[in-house]
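K.L.:
Before I ask anything, let me first share the structure, which is written out below as structure tokens.
The values are calculated or read from the model by the stated rules, or taken from the named source; none is laboratory data. Computed from a prediction, not measured in an experiment: that's the story for all the values here. Glycine also receives a Cβ, built like all others from the backbone with ideal geometry; neighbour counts cover every protein chain displayed. For accessibility, only protein heavy atoms count, side chains too; no ligands or nucleic acids. Shrake-Rupley method; radii C 1.70, N 1.55, O 1.52, S 1.80 Å.
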Amino acid sequence: MDIRARPRSRQAPGKRELHRASNDRHVEGRYWSVLGLCEIANFASLRRHIGRARADSLVLDVARRISSLIPDVRISAAGRAVVEIAFERESPEVAADDMDRIYKAFLTTLDIDGEPHQLQMHIGVAAAPTVEDDEVLLSEAAESALEQARVDGRVVMLDLSRADLAFDKLTLMRELPRAIANGEMFLQYQPKVHVRRQEIASAEALVRWQHPTRGLILPGDFISVAEQAGEISKLTLWTLRQVIEDQRKLREDGFDLLLFVNISGQLLADPAFVNEVCEMLASTDAKLGFEITETAVIRDPESAIRHLQFFADSGVTLAIDDYGAGLSSLAYLKKLPARELKIDKMFVMQLTSSNRDPLIVRSTIDLAHALEMEVTAEGVETPSALALLSVMGCDMVQGFLISRPLGLDAFRKFLVDDGHLDTANGQLQSFVRPESFWKRA
Ligand code: C2E
Ligand code: CA
Ligand code: CA
């Protein structure tokens, strides 16, 4: 193997070149530039076994094994536990095959000073057509792929020519921790209206990301990213603190409203999150509700139900979200300390145009009442849906007909206006806004 001391032109500072291909192939347009990052995932534990000095030269062992498999590769060390490899191929598929061979080669043990050791590798790869080769983009993509590989425990390859959603997602994943710290996240509130009492019963906090260059990003595009990146706990704790603060402001205005926060299923199995929330709850008199899905409970029922009971015992109102949209189990439904059931908007939005959905909604309302839960219909968009839900005995409604999610200031204004309208005519119609209202929101 050819180990060069002189850095390559595209090499980032701090990288050592370990192997250089003898015949670089560059046929414009026909080749793909491939950049791979191979990380020794169990570097720390290997270092304990073999000592620091030997561990520091492990990247050479990795480079040797890779170059014996793929002779035309250029290899540099990008840290004590990461090796960067670069090569060109005629298609991303061929590059993926090579990366796969590398991954498989490390499934067999490596001889380190006469002892067999297993190196666990995380491999992230980016590929782009050579003509479009943008070094910075390629190396950022390789880093994103490596981050994803750490989560997935397999080879992750990003094909930059496909301006792929996956790449977008990975970029967002890297940006999210900074975004939370920089105050780019904010909350909107969407009211739930009590049908019979004709008053605003509570509101749901929905998180948004005001990205400095991409603009507004809705949770559908980053909640699952936050979950995968292990950031959902931090994001939810931020949301809870913000909701507590906003509730204090609403109280100052004379509105003592229960505020709901969506809690991802994976957090129900996270004892550190549960402890932190319990501590937070013990130090506040805020009236909070959590919306959780049944699917979250079915995944690990024992710990989820135990943790939900902690929350309920601390005074949190629990609502089952998206009922009917995911997995359902009557056995768990009975065991959950929930006081509210939210029928998924998918059934509500087609209530007046489908034959089946009214039956489902009706029987869900009856089931919830039998279990002594109140029912909320979400996604109420039309007066006819509202009228039908009211006849069916639905307790609460939420949806664009009543209000879109509003930022805190707009929500405060909404509450003030409603108080006025409510005493004026006492009609549920008073919640229905003219078209012009939505444009302001
Ligand atoms: P969800 O909890 O089911 O929230 C309701 C979603 O439906 C919201 O979308 C809301 O804007 C939208 N919506 C409300 N009324 C109507 C309506 O009448 N018609 C239609 N078509 N849509 C309506 P959004 O804000 O984009 O949130 C999407 C999902 O993201 C939420 O679904 C929730 O699962 C998740 N999410 C939002 N905020 C958080 C959060 O802080 N933490 C977690 N873990 N998840 C969150
Ligand atoms: Ca919800
Ligand atoms: Ca929902």
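K.L.:
Set the Förster radius R0 to 60 Å, insert the Cβ-Cβ distance between Phe186 and Leu107 as r into 1/(1 + (r/R0)^6), and round the FRET efficiency to 0.05.
P.N.:
0.85
K.L.:
Run the paramagnetic zone check for Leu367: 7 angstrom along Cα to Cβ, then residues of the range 281-309 with backbone nitrogen under 18 Å.
P.N.:
292-299
K.L.:
Helix 271-282 versus the longest principal axis of the chain: what angle, 0 to 90°, nearest 10, using Cα atoms?
P.N.:
With rounding to tens, the tilt is 40 degrees.
K.L.:
Under a point spin-label approximation (7 Å from Cα along Cα-to-Cβ), what is the Leu137-Ser390 distance to one decimal in nm?
P.N.:
Output for this residue pair reads 5.5 nm.
K.L.:
Moving to a separate point now. To the nearest µm²/s, what D does Stokes-Einstein give for the chain at 10 °C and 1.306 mPa s, using the Kirkwood radius over alpha carbon pairs as Rh?
P.N.:
Using the Kirkwood radius from Cα pairs, D works out to 63 µm²/s.
K.L.:
Using alpha carbon centroids, what distance separates the range 67-139 and the range 197-256, in Å?
P.N.:
41
K.L.:
Of the peptides 209-218, 337-346, 98-107, 369-378, how do they stack up when ordered by the mean number of other Cβ atoms within 10 Å, highest first?
P.N.:
Highest to lowest by the protection proxy: 337-346, 369-378, 98-107, 209-218.
K.L.:
Once both axes come from the Cα atoms, what is the angle between helix 165-181 and the longest principal axis of the chain, in degrees from 0 to 90, rounded to 10?
P.N.:
70
K.L.:
Separate question: Beyond a 20 Å Cα-Cα separation, which of these cross-linked pairs lie in this structure: Lys192/Lys287; Lys249/Lys287; Lys192/Lys345; Lys249/Lys413; Lys342/Lys413; Lys192/Lys334?
P.N.:
Among Lys192/Lys287; Lys249/Lys287; Lys192/Lys345; Lys249/Lys413; Lys342/Lys413; Lys192/Lys334, the Cα-Cα distance tops 20 Å for Lys342/Lys413; Lys192/Lys334.
K.L.:
Averaged per residue, what accessible area in Å² does the chain show with a 1.4 Å probe, protein chains only?
P.N.:
47
K.L.:
If you put +1 on each Lys and Arg Cβ and -1 on each Asp and Glu Cβ, how big is the dipole of the chain around its Cα centre, in Debye rounded to 20?
P.N.:
Charge dipole, the chain, about its Cα centre: 600 debye, nearest 20.
K.L.:
Quick one: dipole size for the range 91-193, taken about the Cα centre, charges +1 on Lys/Arg Cβ and -1 on Asp/Glu Cβ, in debye to the nearest 20.
P.N.:
680
K.L.:
Something else about it: May I ask which residue of Leu318, Ala377, Leu172 lies farthest towards the positive end of the charge dipole of the chain, with charges of +1 (Lys, Arg) and -1 (Asp, Glu) on Cβ and the Cα centre as origin?
P.N.:
About the Cα centre, the residue reaching furthest to the positive side is Leu172.
K.L.:
Could you give the C-alpha radius of gyration of the range 97-203 expressed as a fraction of 2.2 N^0.38 Å, taking N as the number of residues it contains?
P.N.:
Relative to the 2.2 N^0.38 Å estimate, the range 97-203 comes out at 1.73.
K.L.:
Contour minus end-to-end for Asp313 and Thr171, with contour as 0.36 nm per residue of separation and end-to-end as the Cα-Cα distance?
P.N.:
Taking Asp313 through Thr171 to full extension adds about 47.2 nm, to one decimal.
K.L.:
Looking at the range 169-425, what % of the alpha carbon pairs are farther apart than 26 Å?
P.N.:
For the range 169-425, the fraction of Cα-Cα distances above 26 Å is 42 percent.
K.L.:
A further question on this structure: Which of Leu415, Val225, Ser403 sits farthest toward the positive end of the charge dipole of the chain, with +1 on the Cβ of Lys and Arg and -1 on the Cβ of Asp and Glu?
P.N.:
Towards the positive end, the residue furthest out is Val225.
K.L.:
Among Ser264, Ala81, Gln148, whose Cα projects farthest towards the positive end of the dipole of the chain, with charges put on the beta-carbon of Lys, Arg (+1) and Asp, Glu (-1)?
P.N.:
The listed residue farthest towards the positive side: Ala81.
K.L.:
Take Glu90 and Lys334, extend 7 Å from each Cα along the Cα→Cβ direction, and tell me the distance between the two endpoints in nm.
P.N.:
Calculated label separation equals 6.5 nm.
K.L.:
With a sphere of radius 14 Å drawn around the Cβ of Leu206, what net charge do the other residues whose Cβ falls strictly inside it have (Lys, Arg +1; Asp, Glu -1)?
P.N.:
-2
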